[in-house]
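Take a look at the structure set out below.
The values are calculated or read from the model by the stated rules, or taken from the named source; none is laboratory data. This structure is a prediction, so every number in the text was calculated from the model and none was measured. FYI the Cβ positions are ideal-geometry reconstructions off the backbone, even for glycines, and counts take in every protein chain you see. To get the accessible areas, we keep the full protein, side chains included, count just its heavy atoms, and leave off ligands, DNA and RNA. Shrake-Rupley method; radii C 1.70, N 1.55, O 1.52, S 1.80 Å.
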Amino acid sequence: NCALASLGVIERLDPLINAVCHLEGEGEIAVAAMEVPDGILSGMPLLIKDSIDVGGMPTAVGTEAWKGRIAQRDAPAVARLRASGALILGKTSVPEGCLDLQTFSNAFGVTNNPYNLAYTCGGSSGGSAAAVASGMVPLSMGSDLLGSLRLPASFCGVPSLRPSCPLLPPEGH
């Protein structure tokens, strides 16, 4: 099971990298795995950037005061991933308010580069890039306005894709 393999890697590596700020429990993931629709991403484990709403999960945007804020519904982009069969395991760290070129927040601490823990993973989608680069998950969803996908991807040695706004609605972010 890909989700269980990802959970094992997250449990082993995240204490060093600190890319994941929220992880669903094994029970919730097992139930979600039984309900995954057939699709191009059927059963693929994913993590989502903490600034993007995932129904039932916190969306703190790296802010201490918002740590308890639970999203009421999925952002349209997340809903599309789920409809394609993706299995959302949790959320990835961001700098406070997604307003930095590295990933540090008082809410979740520093996210490290998986290749050298003394280096930054970039920001603001640094948690997503670090999670993919370290093998925690095969894919993660981030966001980008001024390089927030591209910078962390280059720092962590992974590709990123920035679709145009008409193709990916900004609601829930």
(request) Please state which one of G8, G97 is free of Cβ contacts under 8 Å to residues at least 40 places away in the same chain and more than 21 Å from S148 (Cα to Cα). (result) G8
(message) Conditions first: (1) open to solvent by 20 Å² or more (accessible area, probe 1.4 Å); (2) part of a loop (DSSP other than H, G, I, E, B). M136 passes all but one, so which condition is the exception?
(response) (1)
(message) Can you tell me which of (1) touching a residue at least 60 places away in the same chain (Cβ under 8 Å); (2) open to solvent by 60 Å² or more (accessible area, probe 1.4 Å); (3) of a type in the set (D, E) is the one D74 doesn't meet?
(response) (2)
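Being within 17 Å of A129 (Cβ to Cβ), open to solvent by less than 50 Å² (accessible area, probe 1.4 Å), at pLDDT 95 or above and part of a loop (DSSP other than H, G, I, E, B), is that true of even one residue in the range 1-19?
Filtering the range 1-19 down to residues within 17 Å of A129 (Cβ to Cβ) leaves 6, 9-10, 13-14, 16-19.
With the extra rule that they be open to solvent by less than 50 Å² (accessible area, probe 1.4 Å), the set shrinks to 6, 9-10, 13-14, 17-19.
Still in the running and at pLDDT 95 or above: 6, 9-10, 13-14, 17-19.
Next cut, part of a loop (DSSP other than H, G, I, E, B) only: 18-19.
Yes.
Can you find a residue that is of a type in the set (A, V, I, L, M) and in contact with a Pro (Cβ under 6 Å, 6 or more places away or on another chain) anywhere in the range 93-101? Show your work before the answer.
Residues of the range 93-101 of a type in the set (A, V, I, L, M): 94, 99, 101.
From what's left, in contact with a Pro (Cβ under 6 Å, 6 or more places away or on another chain): none.
No, the range 93-101 contains no residue that is of a type in the set (A, V, I, L, M) and in contact with a Pro (Cβ under 6 Å, 6 or more places away or on another chain).
Given the residues T63, T92, T59, which is the only one that is open to solvent by 20 Å² or more (accessible area, probe 1.4 Å) and within 22 Å of L145 (Cα to Cα)?
Numbers: T92 fails: open to solvent by 20 Å² or more (accessible area, probe 1.4 Å); T59 fails: open to solvent by 20 Å² or more (accessible area, probe 1.4 Å).
So the residue among T63, T92, T59 that is open to solvent by 20 Å² or more (accessible area, probe 1.4 Å) and within 22 Å of L145 (Cα to Cα) is T63.
Could you tell me whether the range 33-41 includes any residue that is under 22 Å from L151 (Cβ atoms) and buried (at least 16 other Cβ atoms within 10 Å of the Cβ)? Spell out the reasoning first.
If we filter the range 33-41 for residues that are under 22 Å from L151 (Cβ atoms), which is where we start, we get none.
No, every residue in the range 33-41 fails to be under 22 Å from L151 (Cβ atoms) and buried (at least 16 other Cβ atoms within 10 Å of the Cβ).
Report the residue count in the range 87-111 for those that are of a type in the set (A, V, I, L, M, F, W, C), in a loop (DSSP other than H, G, I, E, B), within 9 Å of S124 (Cα to Cα) and within 15 Å of the chain's Cα centre (by Cα). Steps first, please.
If we filter the range 87-111 for residues that are of a type in the set (A, V, I, L, M, F, W, C), which is where we start, we get 87-89, 94, 98-99, 101, 104, 107-108, 110.
From what's left, in a loop (DSSP other than H, G, I, E, B): 94, 99, 101, 107-108.
Checking which are within 9 Å of S124 (Cα to Cα) leaves us with 94, 99, 101.
This time we only want the ones that are within 15 Å of the chain's Cα centre (by Cα), so: 94.
Total meeting the criteria: 1.
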(message) Quick check on the range 154-173: of everything there that is assigned to a loop (DSSP other than H, G, I, E, B) and of a type in the set (G, A, S), which residue is modelled with the lowest pLDDT?
(response) S164
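What tally of residues in the range 139-153 results from selecting those that are part of a helix (DSSP H, G or I) and within 22 Å of D53 (Cβ to Cβ)? Working first, answer last.
Our first condition is that a residue be part of a helix (DSSP H, G or I); within the range 139-153, this holds for 150-153.
Add one more test, that the residue is within 22 Å of D53 (Cβ to Cβ), and what stays is 152.
Count: 1.
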